[in-house]
Amino acid sequence: MLHKANHILIVDDNLKNLEVTAKILKEEGYQISLATSGMEAFSLLDQILPDLILLDVMMPEINGFEVCRMIKKKETLRSIPIIFL
């Protein structure tokens, strides 16, 4: 699992929201990973270990609350802070 300093995972099914949020955070020096669904985010978390997750609540298929529950059940991920968007 890859850990980069100041790394934020942004999860949102709205591409415009991803674009705007990523642009702002990149300008502040953060490294960004993006996911457009809860399952994509959970799969990414097998490869990366971000310092923070920005997670949309309302997404198709699996909502942000369920993604959060899945993350918090996994020992290697449960200490990552999550902010709901």
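Could you pull the accessible area for residue 46 with a 1.4 Å probe, rounded to 10 Å²?
Around 90 Å² of this residue is reachable by solvent.
For the chain, what is the relative contact order in percent, using Cα pairs closer than 8 Å and at least 6 residues apart in sequence?
Relative contact order of the chain: 33 percent.
If the cut-off is a Cα-Cα distance under 20 Å, which aspartates and glutamates reach residue 74, setting aside same-chain residues fewer than 8 apart in sequence?
Answer for residue 74, where 20 Å is the Cα cut-off: 40, 46, 51, 56, 66, listed by chain and number.
Mind giving me the nanometre distance, one decimal, between the label points for residue 43 and residue 28, set 7 Å out from Cα along Cα→Cβ?
2.9 nm
In the chain, what GluC sites (Glu not before Pro) fall in a loop by DSSP, with at most 14 other Cβ atoms inside 10 Å?
28, 61, 75
Determine the per residue accessible area of the chain with all protein chains present and a 1.4 angstrom probe, expressed in square angstrom.
59 Å²
Considering only 25, 54, 34, give the residue with the highest GNM mean-square fluctuation for the chain, with springs between Cα atoms whenever their separation is below 10 Å.
With Cα springs under 10 Å in the chain, the top fluctuation among 25, 54, 34 is at 25.
Could you tell me what fraction of 2.2 N^0.38 Å the Cα radius of gyration of the chain comes to, as a two-decimal ratio?
0.99
The values are calculated or read from the model by the stated rules, or taken from the named source; none is laboratory data. This structure is a prediction, so every number in the text was calculated from the model and none was measured. Note: ideal-geometry Cβ built from the backbone for every residue, glycine included; neighbour counts use all protein chains shown. In case anyone asks, the SASA skips ligands and DNA or RNA and just uses the protein heavy atoms, side chains included. Shrake-Rupley method; radii C 1.70, N 1.55, O 1.52, S 1.80 Å.
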